[in-house]
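Q: To start, I am sharing the structure in question, which I have written as structure tokens.
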Amino acid sequence: MGLNLDDKKAVVAEVSAQVANAQTIAVAEYRGIAVGDLTALRAKARESGVYLRVLKNTLVRRAIAGTPFEGLAADLTGPLIYGISTDPVAAAKVLNDFAKGNDKIVLRAGSYAGNTLDKAGVQALASIPSREELLAKLLGVMQAPVSGFAGALAALAKKREEEGAAA
């Protein structure tokens with residue numbers, strides 16, 4: 001059963017609200033995917049803060065009209081699932097990771113920072129570490145010299161204690 005006009009307007013308004021705050025949209029084609037697999041994909045998307053939904057392409061075209069994601073409209077054909085996120089890599093990462101283990105999901109296109117991406121572009125975006133991963137690496141790099149310095153001080157103190165005990 002199709003949507004009536006009010007339902008369509010509500011969907012366009014909901015998607016427009018998501019797009020207004022988004023940095024990335026990733027689009028994948030799904031054909032013949034099992035319900036259990038789709039449920040697992042939705043759960044993974046929820047964990048990552050990604051808005052994931054199967055939508056009518058015409059409604060999405062209306063929602064992205066006049067936004068930096070407008071260039072994506074040409075790629076919106078066939079049965080598609082949309083991942084929209086405020087994190088620059090989350091939507092691409094969720095769909096790409098799931099597509100690696102399930103051949104029923106095929107990455108089609110995406111958009112980031114006003115640039116339309118093809119399948120390879122979405123995969124490249126997905127390979128970038130997330131913000132949390134980058135912050136953890138940065139913290140590790142910043143702590144390394146401090147911990148090395150503390151270890152050297154402890155070794156020096158131990159050496160002086162041994163020299164003092166021997167004397």
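The values are calculated or read from the model by the stated rules, or taken from the named source; none is laboratory data. Keep in mind the model is a prediction, meaning the values are calculated, not measured. Methodologically, a virtual Cβ is constructed for each residue, glycine included, from the backbone with ideal geometry; neighbour enumeration extends over all protein chains shown.
Q: So, in the stretch 1-34, of the ones that are within 16 Å of the chain's Cα centre (by Cα) and not in a helix (DSSP H, G or I), which residue ends up surrounded by the fewest Cβ atoms within 10 Å (Cβ to Cβ)?
A: Gln23
Q: Can you tell me which residues in the stretch 83-112 are closer than 18 Å to Val15 by Cα and without any contact (Cβ under 8 Å) to a residue 60 or more places away in the chain?
A: Once the filter is applied, which keeps residues that are closer than 18 Å to Val15 by Cα and without any contact (Cβ under 8 Å) to a residue 60 or more places away in the chain, the stretch 83-112 yields only Gly83.
Q: Does at least one position in the stretch 114-122 carry a residue that is out of contact with any strand residue (DSSP E or B) (no Cβ under 7 Å at 6 or more places or on another chain), basic (Lys, Arg), in the same structural domain as Ser48 (by TED's automatic domain parsing) and closer than 18 Å to Leu41 by Cβ?
A: No: the stretch 114-122 contains no residue that is out of contact with any strand residue (DSSP E or B) (no Cβ under 7 Å at 6 or more places or on another chain), basic (Lys, Arg), in the same structural domain as Ser48 (by TED's automatic domain parsing) and closer than 18 Å to Leu41 by Cβ.
Q: Additional query: Return a yes/no flag: does the stretch 145-159 have any residue that is farther than 22 Å from Asn21 by Cβ and not in a helix (DSSP H, G or I).
A: No, the conditions are met nowhere in the stretch 145-159.
Q: Let me ask something else. Considering the stretch 77-101 alone, what residues qualify as being at positive phi and in contact with a Ser or Thr (Cβ under 7 Å, 6 or more places away or on another chain)?
A: Hits for the stretch 77-101: nothing passes.
Q: Give the residues of the stretch 35-52 that are surrounded by 16 or more Cβ atoms within 10 Å (Cβ to Cβ) and hydrophobic (A, V, I, L, M, F, W, C), sorted by residue number.
A: Leu38, Leu41, Ala45, Val50, Leu52
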